[in-house]
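The values are calculated or read from the model by the stated rules, or taken from the named source; none is laboratory data. Note that this is a predicted model, so its numbers are computed, not measured. Using ideal geometry, Cβ is built from the backbone for each residue, glycine included, and neighbour counts are taken over all protein chains shown. Calculation scope for accessible area: heavy atoms of the full protein, side chains included, ligands and nucleic acids excluded. Shrake-Rupley method; radii C 1.70, N 1.55, O 1.52, S 1.80 Å.
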Amino acid sequence: MQLHQRIVSAPVDFGAIRSEFGLASDYPAEAVSDARDAVDAFAGTRVDRTDIELVTIDPPGALDLDQALHIARTSTGFTLHYAIADLGAVIVAGSALAAEADVRGQTFYLPDGSVPLHPTVLSEGAASLLPGVDRPAALWTIELDNEAVPLSFSVTRALVRSRERFDYAQVQAAADAGALPPSLLALPEFGRLRIEAGLARGAVSLRLPAQEVVPDGDGWRLRVEPRTAADDWNEQVSLLTGMCAARIMVEHKGAGLLRTMPPPPESAIESLRRTAAALGVEWPAEMPVGRMLAGLDANTPTALVLMSEATGLLRGAGYTLLAELDDPAPEQLTHSAIGAPYAHVTAPLRRLADRFTTEICLAYSAGVEVPRWAVDGLKGAAETMRRTDAVANKVDRACVDLTEATVLAPRVGSEFSAVVLRDANGSRPAEIFVSEPPVLARCAGEPPEGKTVTVRLAVADPDTRTIGFAYDSSPTTR
């Protein structure tokens with residue numbers, strides 16, 4: 001039996017998806033004019049911190065650079081400087097630019113280009129933390145002990161200058177070669193300590209294969225999104241900053257917006273325990289689910305099955321306005337996947353809420369009144385984020401679905417090797433993962449969960465963006 005191992009790329013037109021979801025790339029002329037003419041409203045009062053040798057870490061080719069960091073080992077722990085693009089200082093409340101951003105909510109990323117939250121003259125130019133130029137920023141300073149536990153933190157308006165732009169692969173290669181720049185020399189140790197701290201407080205991180213659509217000659221192909229340890233270390237910087245921001249807002253008991261997620265129901269954890277037992281995975285009663293998952297080899301069928309089922313633990317993420325909570329219980333303030341209160345503050349070029357939450361944290365840290373625009377616009381920003389998060393998820397899924405169906409259409413009837421993530425249950429079909437091309441899909445029949453099986457591609461329809469596989473356990477097909 002010959003299994004198909006190599007899938008070539010195919011031409012894919014994402015224009016229909018842009019139209020379906022109403023994603024208009026063109027910005028109104030008045031808003032573009034506002035962006036082009038934007039000036040720093042706090043230029044005369046900023047602290048000059050261009051002495052800090054900040055660097056950025058972003059995907060290759062990215063120009064909308066929200067964050068720049070410098071982390072140093074000290075005799076007592078770590079000092080983290082994290083500069084965030086200061087959009088609150090260059091977007092005027094009530095302007096055409098602010099109004100358009102209020103509608104867009106966030107940047108939408110499609111394989112053939114993004115639909116930006118702000119005009120690129122601002123998001124990839126005047127406000128971006130590009131290397132070698134002075135930029136207004138909200139500069140976080142976080143002091144940590146030897147276990148990377150934060151001891152103090154604050155944020156202030158500053159003038160900063162990034163020295164160099166890296167992507168994740170470059171940082172990983174430099175770390176592997178023992179050649180990290182001084183600005184990042186402490187990042188691996190910091191990252192490992194923060195990951196361990198997350199597991200200790202009950203954080204849950206899933207390492208399922210993430211599908212990505214990438215250009216391939218004249219067409220497009222699917223691949224598993226590469227993820228390095230450097231991605232994880234850098235993620236811990238943003239998570240820590242978001243946790244510090246949440247603490248500032250919660251402690252001031254005033255204006256604030258948290259990113260929250262309710263704890264998973266006990267029934268979901270019990271179901272995962274039954275699956276783990278059936279697969280022969282030891283899971284002591286006292287071990288948190290996040291630590292159990294972190295101990296798995298992510299490249300094994302067992303890990304894929306358990307992490308796939310664990311997605312049921314991470315549901316219900318939303319935005320919580322602190323002003324609407326009279327006497328909040330801890331679970332109302334917590335993001336269960338992070339294991340702590342958390343707020344979005346690190347991506348204002350790409351996400352609307354961050355401009356508001358950053359402004360609130362700046363005011364609280366300075367001991368001054370929160371600007372009226374940030375208070376009055378916070379509820380609307382939360383509503384826009386809820387709406388556009390749902391759209392962004394659908395756009396991402398639609399792009400992957402369309403590429404899957406287009407690339408696989410010529411292969412209907414071919415056989416593939418697949419890992420069974422979930423078996424069929426009542427009216428719910430089985431779910432499988434095919435590694436080449438990387439596809440998560442439904443499968444007819446009754447393939448056994450956790451096993452590697454041979455399946456046949458039954459349908460691949462680009463018009464409906466659907467694919468489906470079938471499994472036959474009869475000896476003649478084995």
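Tell me, what is the per residue accessible area of the stretch 378-431 in Å², probe radius 1.4 Å?
It amounts to 41 Å² per residue over the stretch 378-431.
Where Lys and Arg each count +1 and Asp and Glu each count -1, what net charge lies around Ile71 among other residues with Cβ under 12 Å from its Cβ?
-1
I'd like the FRET efficiency for Lys253 and Ser473, computed as 1/(1 + (r/R0)^6) with the beta carbon distance as r and R0 of 45 Å, rounded to 0.05.
After rounding, the FRET efficiency stands at 0.15.
Between beta-carbons, use under 14 Å as the cut-off and find the net charge around Ala277, counting Lys and Arg +1, Asp and Glu -1.
-2
Round to the nearest 10 and give me the degree value, 0 to 90, for the angle of helix 229-252's Cα axis relative to the longest principal axis of the chain.
Rounded to the nearest ten degrees, it is 50.
Roughly what would the spin-label model give for Leu325 and Glu436, points 7 Å off Cα along C-beta, in nm?
About 4.9 nm, to one decimal.
Just to be sure I understand the model, the point goes 7 Å from the Cα along the line to the Cβ. What's the resulting Glu53 to Arg223 distance in nm?
Output for this residue pair reads 3.2 nm.
Under 1.5 on a/c is rounded, so check that first for the stretch 149-277, then, if it is not, pick prolate when a/b is larger than b/c and oblate when it is not; a ≥ b ≥ c are the square roots of the alpha carbon gyration tensor eigenvalues.
oblate
Round to the nearest 10 and give me the degree value, 0 to 90, for the angle of helix 378-408's Cα axis relative to the longest principal axis of the chain.
30
When only alpha-carbon atoms count, how far does the stretch 72-202 stretch along each of its three principal axes, as whole angstroms with the largest first?
Computed over the Cα atoms, the extents are 49, 35, 34 Å.
Cut-off under 12 Å on the C-alpha distance; same-chain residues fewer than 8 positions from Lys394 excluded. Which aspartates and glutamates are left, in chain and number order?
Of all the aspartates and glutamates, those that pass the test against Lys394 - Cα under 12 Å, at least 8 places apart if same chain - are Glu20.
If I model a spin label at Leu279 and Glu383 as a point 7 Å from the Cα along the Cα→Cβ vector, what separation in nanometres do I get?
About 4.2 nm, to one decimal.
Within the stretch 451-470, whose backbone N sits under 20 Å from a point 7 Å along Cα→Cβ of Ser417?
451-458, 469-470
Cut-off under 19 Å on the C-alpha distance; same-chain residues fewer than 8 positions from Lys451 excluded. Which aspartates and glutamates are left, in chain and number order?
In chain and number order, the partners are Glu282, Asp297, Glu309, Glu415, Asp423, Glu431, Glu436, Asp472.
May I ask you to list the lysines whose Cα is less than 23 Å away from that of Lys253, ignoring any residue fewer than eight positions away on the same chain?
Within the straight-line cut-off, Lys253 pairs with Lys379.
Run the 1.4 Å probe and let me know the accessible area of Asp327, rounded to the nearest 10 Å².
Probe radius 1.4 Å; accessible area of Asp327 about 140 Å².
Can you tell me the accessible area per residue over the stretch 1-143, all protein chains present, probe 1.4 angstrom, in square angstrom?
43
Quick one: if the Förster radius is 45 Å, what FRET efficiency do Ala99 and Glu147 give, using the C-beta to C-beta distance and rounding to 0.05?
Once rounded, the FRET efficiency stands at 0.50.
What number results when the radius of gyration of the chain, computed over Cα atoms, is divided by 2.2 N^0.38 Å?
Cα-based Rg divided by the globular estimate yields 1.03.
First check a/c for the stretch 1-156, with a ≥ b ≥ c the square roots of the eigenvalues of its C-alpha gyration tensor; if it is under 1.5, answer rounded, and if not, answer prolate when a/b is larger than b/c or oblate otherwise.
Because a/c hits 1.5 or more and a/b fails to exceed b/c, the stretch 1-156 counts as oblate.
Where in the stretch 401-427 is the amide nitrogen less than 17 Å from a point lying 7 Å along the Cα-to-Cβ axis of Lys451?
416-425
Give me the dipole magnitude in Debye, nearest 20, for the stretch 427-478 about the Cα centre, with unit charges on the beta carbon: positive for Lys and Arg, negative for Asp and Glu.
80
If a/c stays under 1.5 just call it rounded; otherwise compare a/b with b/c (prolate if a/b is bigger, oblate if not). Do that for the stretch 346-478, with a ≥ b ≥ c from the square roots of the Cα gyration tensor eigenvalues.
prolate
Relative contact order for the chain using alpha-carbon pairs under 8 Å, separation at least 6, rounded to a whole percent?
18
Filter the GluC sites (Glu not before Pro) in the stretch 59-166 down to the DSSP loop ones having no more than 13 other Cβ atoms within 10 Å, then list what survives.
For GluC sites (Glu not before Pro) across the stretch 59-166 that sit outside H, G, I, E and B with at most 13 neighbouring Cβ atoms in 10 Å, the list reads Glu147.
Filter the trypsin sites (Lys or Arg not before Pro) in the stretch 329-372 down to the DSSP loop ones having no more than 14 other Cβ atoms within 10 Å, then list what survives.
none
How far, in degrees from 0 to 90, does helix 266-278 lean away from the longest principal axis of the Cα atoms of the chain, to the nearest 10?
50
If you roll a 1.4 angstrom probe over the protein chains with everything in place, what fraction of the accessible area of the chain belongs to carbon and sulfur, to the nearest %?
That share works out to 51 percent.
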